[in-house]
1. Name, by its number, the condition in (1) closer than 30 Å to A282 by Cβ; (2) part of a strand (DSSP E or B); (3) not β-branched (V, I, T) that does not hold for Y33.
2. Of the residues that sit in the range 43-65 and are in a strand (DSSP E or B) and open to solvent by 10 Å² or more (accessible area, probe 1.4 Å), which one is farthest from E118 (Cα to Cα)?
3. Evaluate the following for G297: is it touching a Cys at 6+ places or on another chain (Cβ under 9 Å), over 20 Å from S26 (Cα atoms) and at pLDDT 95 or above?
4. Being open to solvent by 50 Å² or more (accessible area, probe 1.4 Å) and closer than 27 Å to V228 by Cα is the filter here, so list the residues in the range 261-303 that pass it.
5. Out of the residues in the range 115-144 that are touching a helix residue (DSSP H, G or I) at 6+ places or on another chain (Cβ under 9 Å) and assigned to a strand (DSSP E or B), state the one that is farthest from the ligand (Cβ to nearest atom).
6. Quick test for you: out of S10, S96, S77, pick the one residue that is open to solvent by 10 Å² or more (accessible area, probe 1.4 Å), more than 16 Å from the ligand (Cβ to nearest atom) and either under 30 Å from Q249 (Cα atoms) or small (G, A, S) (or both).
7. What is the one condition in (1) farther than 23 Å from D197 by Cα; (2) of a type in the set (A, V, I, L, M, F, W, C); (3) surrounded by fewer than 18 Cβ atoms within 10 Å (Cβ to Cβ) that A255 does not satisfy?
8. Here is a list: Q337, Q359. Which entry is farther than 22 Å from H240 by Cβ, in a helix (DSSP H, G or I) and open to solvent by 30 Å² or more (accessible area, probe 1.4 Å)?
Amino acid sequence: MEAVGFIPTSQHPVLTNKTVTWASPSNIALIKYWGKYDPQIPANPSLSFTLNHCNTKTVVTLVDKSVVSNKSAEVFSFEFYFESAPKPDFHPKIASFFARVVDYLPFLKAHHIVIHSENTFPHSSGIASSASAMAALSLCLLELSNEFPPDDQNVFSEAFYAKASFLARLGSGSAARSIRGPLMQWGKTHGFKESQDIVAVPFNQVLAPIFKNFQDTILLVDKGEKVVSSTVGHGLMNNHPFAQARFQQAHDQLAVLAEALVSGDMETFIGVVESEALTLHAMMLTSSPYFILMKPGTLSIIDKIWAFRNLNHIPVCFTLDAGANVHVLYPEMHKVQVLQFIENELVAYCQNGQYICDQVGSGSISHTV
Ligand code: DP6
């Protein structure tokens, strides 16, 4: 699959004045994407659980540009509202996303685009919303392009979802994985012939039953602005002394994890997932300049999870994003005991005692009526 394959070869009558709506979930990487090349090509493969409740819902309407704006044909014209309030701060990010995708969505410059967006999770919770936001926006724009109209039951084709993932990736790498679920793989790696650098694809094997409705309770340790953004962090993998070893490790760990996901071998699953989380942060600790996104509470929680697991033999483990929050992962059958443990021992490390209960989900949903 090549990027040029996503450039439309014929003109489609775009859906002017129609409003479309998509809800896209956040995702949590088990094998971490950290390091990239232009244009948004991952330096190593990644694998993620798609979440269910943490969503961005986006509503987009295309308006004929000549009706509302005197902007030239060369300039993007759009409005962006977050939770009904205009948000000019987001304009540069949206404009640069449009510039990256305009070859693949050529109608963008000819229209005025009205975007309304909201999250189901609290904003400034430290949960990255770029994945769900870019996925939902890409799906809306692609539906409006009318390049892959749905069938009579409103079912979209594989080609539609592949292009949506391609577009979302150009907005934010991890967004490529938020299009579908429950487990998404992004980045070429041997052993998975469907794997691609330019789109994320659903993991092609049957998951062991233990992973059905797998739980992710997100402990909000620090809700503040990150000291180093993911985009800057990725850049620090260029010339990183351990980069090549890390990239190779991601391929190797992905192969091991894939087997555990099929067999249900929880010990291996836990070993790989925690190693990936700690390696991600080890890359930050050893970047130049170095930085730390974990907080003391992050480490205390990890310690407590290890002690709980050893004592109770319950297969609960953690992973980390590029931030201080801890994702506690465990099978649904242990939900009662783990939530009790979180309430008793971990909530003390959460800002304002806040955490979010989520679980693995099946991907983006159209709400277009
Ligand atoms: C640590 O997708 O946020 O969450 O492509 O620059 O937008 P950009 O970065 P982003 O990076 C996510 C990094 C990560 C790991 C992961 O999700 O795989």
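The values are calculated or read from the model by the stated rules, or taken from the named source; none is laboratory data. Given the structure is predicted, the values throughout are model-derived calculations rather than measurements. Note: ideal-geometry Cβ built from the backbone for every residue, glycine included; neighbour counts use all protein chains shown. Remember, those area values only see protein heavy atoms, side chains included, never the ligands or the DNA or RNA. Shrake-Rupley method; radii C 1.70, N 1.55, O 1.52, S 1.80 Å.
1. The single condition Y33 does not satisfy is (2).
2. If we filter the range 43-65 for residues that are in a strand (DSSP E or B), which is where we start, we get 46-64.
Subsequent filtering for residues that are open to solvent by 10 Å² or more (accessible area, probe 1.4 Å) retains 52-53, 55, 57, 59, 61, 63-64.
Details: N52: 15, H53: 13, N55: 8, K57: 5, V59: 9, T61: 15, V63: 21, D64: 25 Å.
The selected residue is D64.
3. On the way: touching a Cys at 6+ places or on another chain (Cβ under 9 Å): yes; over 20 Å from S26 (Cα atoms): yes; at pLDDT 95 or above: yes.
So G297 fits the description; yes.
4. Going residue by residue through the range 261-303, those that are open to solvent by 50 Å² or more (accessible area, probe 1.4 Å) are 262-263, 265, 267, 278, 285-286, 288-290, 292, 295-296, 299, 303.
The answer is L278, L285, T286, S288, P289, Y290, I292, K295, P296, L299, D303.
5. Of everything passing the filter in the range 115-144, I115 is farthest from the ligand (Cβ to nearest atom).
6. On the way: S96 fails: more than 16 Å from the ligand (Cβ to nearest atom); S77 fails: open to solvent by 10 Å² or more (accessible area, probe 1.4 Å).
Going through S10, S96, S77 in turn, just one is open to solvent by 10 Å² or more (accessible area, probe 1.4 Å), more than 16 Å from the ligand (Cβ to nearest atom) and either under 30 Å from Q249 (Cα atoms) or small (G, A, S) (or both): S10.
7. (1)
8. Numbers: Q359 fails: in a helix (DSSP H, G or I).
Exactly one of Q337, Q359 is farther than 22 Å from H240 by Cβ, in a helix (DSSP H, G or I) and open to solvent by 30 Å² or more (accessible area, probe 1.4 Å), namely Q337.
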